[in-house]
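This report refers to the structure that appears directly beneath it.
The values are calculated or read from the model by the stated rules, or taken from the named source; none is laboratory data. Given the structure is predicted, the values throughout are model-derived calculations rather than measurements. Backbone-built Cβ (ideal geometry, glycine too); neighbour counts: all protein chains shown.
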Amino acid sequence: MREGAEILVDVMSEQTATAAREKIEFDEAFTLHHRTVFRTARSVVQDCGLAEDVTQEVFLRLYNHMDSITDAEMLRPWLIRVAINVARNTLRTKFRANTRDENYVKEYEEDAVCSIETSYEQREQLSEVNRALSKIKEPLRSCLILKQQGLSYKEIAESLSLNETSIGTFVARARKEFVRFYGKIGREEIQ
C-alpha cells in the first residue's frame, strides 16, 4: 500500500509538472480561439464591425489576465463568457449613445422650430410696428422714435429744429396715434 501511495504522489506531481509546462501562451490562445470569440461576439451584436471590436477587447483582456488563467481547459469557456459580456456591454453603450443622440436631435429640432417661429413672429411684429409708424405724420413720428431711443426733449428739439416746449405734446400725440394704428393693423389681419 505504501508503494501505491508513492505511485499516486508521482502521478500527481507529473500532472502538476505537465500543467506548469502547458502554461498558456497568448499567441497560441489567439490563434486557436479567435474564430470562436468572433462568432460569439457576432451572434450577440449582429454586426461584423462591432464583433471585431469586441474580439479585440476580449483578447486585450486575455493579455492583461494571462497570469490568472492557469488551466488551459478553462481558457475557451472564459473567452466565450468574456466575449458575451463585452458584446452585451457594447450593445448597451451603443443604445445609450443612440438615445442621447436622438434626444439631442429632437431638442435641437424643437429649438430650431421655436427659433424659426420666434424669428418669424418678431419679423412680423417689426413689420406691423413699421406700418403703424409710417401712418404717423411728421414731426410726430420722428419725435416718438427719438424719444424711444432715449433722447431728452432738449436733444430731440435740437436735432429736429423744433421748439423744446412742443416736444412733449408731439410725443404724447404720436403715442396715441401709434396705439390707434397698431391696433388697427392687428384687427385687419384677424379679419
Residue count, the range 123-142 (criterion: of a type in the set (D, E, K, R), without any contact (Cβ under 8 Å) to a residue 12 or more places away in the chain and not assigned by TED's automatic domain parsing to the domain that holds Glu177): 2
Out of Val105, Val86, Val82, report the one residue that is farther than 23 Å from Ile24 by Cα and either aliphatic (A, V, I, L, M) or touching a residue at least 24 places away in the same chain (Cβ under 8 Å) (or both). Val105
Going by the conditions given, is Ala41 small (Gly, Ala, Ser) and touching a Ser or Thr at 6+ places or on another chain (Cβ under 6 Å)? yes
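The rows are residues; the columns are (1) surrounded by 14 or more Cβ atoms within 10 Å (Cβ to Cβ); (2) at pLDDT 90 or above; (3) more than 27 Å from the chain's Cα centre (by Cα).
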{"site": "His33", "(1), (2), (3)": "yes, yes, yes"}
{"site": "Leu50", "(1), (2), (3)": "yes, yes, no"}
{"site": "Leu62", "(1), (2), (3)": "yes, yes, yes"}
{"site": "Ser68", "(1), (2), (3)": "no, no, yes"}
Check whether at least one residue in the range 76-85 is more than 23 Å from the chain's Cα centre (by Cα), in a helix (DSSP H, G or I), assigned by TED's automatic domain parsing to the domain that holds Asp27 and exposed (fewer than 14 other Cβ atoms within 10 Å of the Cβ), and report yes or no. yes
Return yes when Glu28 is modelled with pLDDT of 90 or more, surrounded by fewer than 14 Cβ atoms within 10 Å (Cβ to Cβ) and over 29 Å from Lys94 (Cα atoms) and no when it is not. yes
Restrict the check to the range 166-179 and report whether at least one residue is under 52 Å from the mean Cα position of the chain (by Cα) and surrounded by fewer than 16 Cβ atoms within 10 Å (Cβ to Cβ). yes
